[in-house]
Amino acid sequence: MAKIFCVANQKGGVGKTTTTVNLAAGLADKGQRVLLVDLDPQGNATMGSGVDKRDLEMSVYEVLIDQAPVSEVICRGVGVSYDVLPTNRDLAGAEIELVDSEGRETRLSKALAPVLDQYDFILIDCPPSLSLLTLNGLCCAHGVIIPMQCEYYALEGLSDLVNSIKQVCANLNANLSIIGLLRVMFDPRITLSNQVSAQLEAHFGSKVFKTVIPRNVRLAEAPSYGLPGVVFDRSSKGAQAYISFAEEMIARVK
């Protein structure tokens, strides 16, 4: 039975998609069966897995509005060893269409039920807001991975995100928990980064992943080739960090 994790943060540009595709590639590299679910209408995780969102005949949009079973929409990423439930701009319309629907927060959970036994990990890339799409991800997940930069504003927004997750846990998904905080785009030369990192460790303790993802040019270049950094340049420091993170995730959820 698959373990389902949302990669979420209400702040944009914090490395959610980079984390999702590279963790998926890292887990697949370790022999895990992985499905990446792209819940962000921008479709960056889809493109970053080698799937062209402009050529999709069906996407997660059709799955959420009950026009297609999830098994018909899932495809294998190009150049990677994991499956993708892709998306495109059509997904933005799903929120409007579902707003008055019964059980609108659990559409994704019900859709994924038939394929849970086919995967070890299901990773959900969420949009940078607590929208209906993010709620669908949180309602079917066992845990949340929070990627964050070690900056002041990121620390400010973290408390809001934690409170939102607590509300979802209290009202919609009692099994939801924060799996851990992942420090990304980390530059040890910056004093503030080290200070915020220390604050996170002091406040959240074991909830902070030991792995730290450094700021890395090769990770930034990889999406333009439609590949995760782990596949694009396995030897880069960023890729090696995500492979270590995948190992830590496997150890943490056993």
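The values are calculated or read from the model by the stated rules, or taken from the named source; none is laboratory data. Since we're looking at a predicted model, the values are computed, not measured. Heads up, the Cβs are rebuilt from the backbone with ideal geometry, glycines too, and the neighbour counts pull from every protein chain shown.
For the reader, a short list of remarks on this structure follows.
- Scanning the stretch 160-190 for residues that are assigned to a helix (DSSP H, G or I) and among the charged types (D, E, K, R) yields Asp160, Lys166.
- Taking every residue in the stretch 56-70 that is more than 13 Å from Leu112 (Cα to Cα) and pairing it with any residue that is among the polar types (S, T, N, Q), at least 6 positions away or on another chain, the pairs with Cβ-Cβ distances below 7 Å are Leu56/Asn88; Ser59/Thr87; Ser59/Asn88; Tyr61/Thr87.
- Which numbered condition Cys150 fails, given (1) in a loop (DSSP other than H, G, I, E, B); (2) in contact with a Lys or Arg (Cβ under 7 Å, 6 or more places away or on another chain); (3) surrounded by fewer than 20 Cβ atoms within 10 Å (Cβ to Cβ): (3)
- Residue satisfying condition, being touching a residue at least 60 places away in the same chain (Cβ under 8 Å), touching an Asp or Glu at 6+ places or on another chain (Cβ under 7 Å) and not small (Gly, Ala, Ser), within set Asp160, Asp125, Asp120: Asp125
- If you go through the stretch 220-244 and keep only what is under 16 Å from the mean Cα position of the chain (by Cα), crowded, with 24+ Cβ neighbours inside 10 Å and farther than 15 Å from Asn44 by Cβ, you end up with Val230, Tyr242.
- Within the stretch 153-191, tally of residues that are in contact with a helix residue (DSSP H, G or I) (Cβ under 7 Å, 6 or more places away or on another chain) and at pLDDT below 90: 1
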